[in-house]
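The values are calculated or read from the model by the stated rules, or taken from the named source; none is laboratory data. Because the structure is a prediction, the values reported are computed rather than measured. Quick reminder, even Gly has a Cβ in these numbers, built from the backbone with ideal geometry, and neighbours come from all protein chains shown. The accessibility values were calculated without ligands, DNA or RNA, using every heavy atom of the protein model including side chains. Shrake-Rupley method; radii C 1.70, N 1.55, O 1.52, S 1.80 Å.
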Amino acid sequence: MGVSEGFFGSLADEVGYPFNQIPPEAFINAAAGYAGQASLCGSLGVAAACIGTVCDADTQKKLVGDLWNWYKEYPFPQIQPAELGLATTVAESVLCADSVGKFMDAQGCGFGDTERKERCAGVAAGIVKKTIEMLNETL
């Protein structure tokens, strides 16, 4: 939901309609790799939906592919608002299970721990930031 709030919430404030008609809560199902299944990172799926609302099909495909390739190589989390000094890890995958699993091993924490939750918040912030940067460069 962090990506949808960061993207649609910002556009709702700055542009208004139609972005103020998209409830960020509509994307809550993306949490924990879509309904807790640890599949695709929910932040990536929501970012793809965000891109889809403002780009044509060919641009969507390119930007989503570029974003997912970036994600696989980026050391998350760079954004750490809680200042917990979290370990950074490279997912090498777009799957939640791989990304979170590597982090939890490096951090020595469990799925329900504060450190994992803060890490995923930092990932969402990093993804929405990168998504907006890519869109600003493209559109």
(message) From the protein chains alone at 1.4 Å, what is the descending order of accessible area for Val46, Val94, Val15, largest first?
(response) Val15, Val94, Val46
(request) Would you mind getting the accessible area per residue of the chain, heavy atoms of the protein chains only, 1.4 Å probe, in Å²? (result) 52
(message) Report the per residue volume, in Å³, of the convex hull enclosing the C-alpha atoms of the chain.
(response) 103
(request) Give a quick list of GluC sites (Glu not before Pro) in region 50-139 that DSSP marks as loop, anything other than H, G, I, E or B, with at most 14 other Cβ atoms within 10 Å. (result) Glu83, Glu92
(message) Assuming a strict under-18 Å limit between Cα atoms, what lysine pair count do you get for the chain once near-sequence pairs (fewer than 8 apart, same chain) are dropped?
(response) 9
(message) Using a 1.4 Å probe on the protein heavy atoms, what percent of the accessible area of the chain belongs to carbon and sulfur?
(response) 53
(message) Suppose a student asked you for the relative contact order of the chain, using Cα pairs under 8 Å spaced at least 6 residues apart; what percent would you report?
(response) 24
(request) Grab the eigenvalues of the alpha-carbon gyration tensor for region 18-68, scale each by 5, take roots, and send me the semi-axes largest first in whole angstrom. (result) 20, 16, 6
(request) Work out, in µm²/s and without decimals, the Stokes-Einstein translational diffusion coefficient of region 57-114 at 10 °C, 1.306 mPa s, Rh from Kirkwood over C-alpha pairs. (result) 126
